[in-house]
Amino acid sequence: MPSRPIDPRLHTLSTTTREHFRRLYDEEPAFLVAAPGRVNLIGEHTDYNDGFVLPVAIDRHVVVAASPRRDRFVRLYAADFDQASTFSLDDIEHDSGTRWSNYERGVAWALQEAGYRLPGMDIVLSSDVPIGSGLSSSAAIEVATAFAFQQAGNLSLDGVQRALLCQKAENEFVGMRCGIMDQYIISLGKRDHALLIDCRSLDYQLVPIPAGCALVVCDTNKRRGLVDSEYNTRRQECEEGARLLGVPALRDISVDAFRAREAELPPTIRMHCRHVVTENQRVLDAVAALRAGELAQFGDLMNASHISLRDDYQVSCAELDAMVEVAWEQQGVLGARMTGAGFGGCTVNLVLEQAAAHFQHQVAQGYTAITDLQPEIYVCKAEEGVRLID
Ligand code: ADP
Ligand code: MG
């Protein structure tokens, strides 16, 4: 891997995390772990249809400083909240007082359930992954914590096992139903690569991202309403569509076969299924475009994804559309689309690197002029997955 100069943002974060550790525990941490946030480039609402997704890890991180302990206690400190929480590995309970600690507790629980013997630990965690913006701060905490236990306890588990156990922690301990995408990319991501994930087989492939482009994430700051109930009905409609088409999942029908038979489906189910079927194909086409270095074609597929999510799947909203439409007008933009479940949240944009700063400024201004909302805009690079740092 060509070494990139240390990211100044990560350097600052690791320095302050280390300082917190010294102040709190009166010693140097034994090691530091960084786990990135992530954004999905294309493949939206395909995961629960056994389809394909293409996330990328970004250069915003959760940093964990840690040292093993001789006893069975885990002491946690969340620097960003200035809160501490301690638990025993022999009796891992939920803590409703420090809800953030349930991610770490859940990971310890899942590792032990899988038969791993864990050491006690002293941990400080801090982060510049925005919280609750859809960049997956929660999975970054889980994967960083799992990696820290691995390091301290000398546990042999690979990136896939780590991802699966972190997902189990979020599903079963935290109580949040999520797919495998976030933990996979954060656990297995490589610098300057996206990760194609087959959500049925859980196979994955790294796909190089050509040099010279930035990933720009624009948070609409529109609070998501309705998202849970709409999400559940979409899932049911997809299942119903697959049943009517006689396939195990929408993953199993090609775009051509779907077009030939879509008239058999009731109108709403037809539209919603059309998005999923075409989106799966777009992910595969997007991977081929990246591999061929065809960034313009990749961007066109992102744009088509947005239109499909807006018109067929009907999960966009005025704010997401405004952010994307303003982006489409800018110089240097290759593609722009909503990302995440929809009805608010973020867009993801592929932008020529040298145009990114201007893009950020123009989109912020244009978006505010239309919506009266202040967006948050993050210019990112494709980053390495979880790792030890100095
Ligand atoms: P996201 O889309 O960012 O993953 P979630 O709601 O899934 O949003 O996870 C956010 C939760 O993760 C927070 O409410 C908090 O409990 C935990 N979390 C995120 N960042 C931090 C942090 N810097 N320190 C402590 N806990 C954090
Ligand atoms: Mg999350």
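A few remarks follow.
- Shape call, the range 213-380: gyration tensor on alpha carbons, a/c limit 1.5: oblate
- In the chain, the DSSP-assigned H stretches of four residues or longer account for a calculated mean residue ellipticity at 222 nm of -13000 deg cm²/dmol, using -39500 (n - 2.57) per stretch and the full residue count as denominator.
- Taking only protein heavy atoms and a 1.4 Å probe, the accessible area of the chain is 48% carbon and sulfur.
- In this structure, Glu93 and Ala369 have a Cβ-Cβ separation that, at R0 = 56 Å, corresponds to a calculated FRET efficiency of about 0.65.
- Taking amide H atoms as placed 1.01 Å from N in the peptide plane, the amide H of Gly189 lies under 5 Å from those of Gly385, Val386, each 5 or more residues away in sequence or on another chain.
- Ranking Phe31, Phe298 by solvent-accessible area of protein heavy atoms (1.4 Å probe, all protein chains present), from largest to smallest, gives Phe31, Phe298.
- Computed from label points 7 Å out along Cα-Cβ, the spacing between Ile307 and Thr233 is 2.6 nm.
- A dipole drawn for the chain from +1 and -1 charges on Cβ atoms has a positive end, and of Gln354, Ser101, Gly120 the residue lying farthest that way is Gly120.
- Within the straight-line cut-off of under 16 Å between alpha carbons, the aspartates and glutamates reachable from Lys190 are Asp7, Asp59, Asp158, Asp182, Asp203, Glu383, Glu384, sequence neighbours fewer than 8 places apart in one chain being disregarded.
- The mean accessible area for residues of the chain, using a 1.4 Å probe and ignoring ligands and nucleic acids, is 42 Å² per residue.
- Protection-proxy order for peptides 12-25, 95-108, each taking the mean of Cβ atoms within 10 Å per residue, highest first: 95-108, 12-25
- With a Förster radius of 30 Å applied to the beta-carbon distance between Arg18 and Asp158, the computed FRET efficiency rounds to 0.60.
The values are calculated or read from the model by the stated rules, or taken from the named source; none is laboratory data. What you see is a predicted model, and the numbers here were worked out from it, not measured in a lab. In this analysis, Cβ positions are derived from the backbone assuming ideal geometry, glycine residues included, and neighbour counts consider all displayed protein chains. Just so you know, the surface numbers come from the protein's heavy atoms only, side chains and all, with ligands and any DNA or RNA stripped out. Shrake-Rupley method; radii C 1.70, N 1.55, O 1.52, S 1.80 Å.
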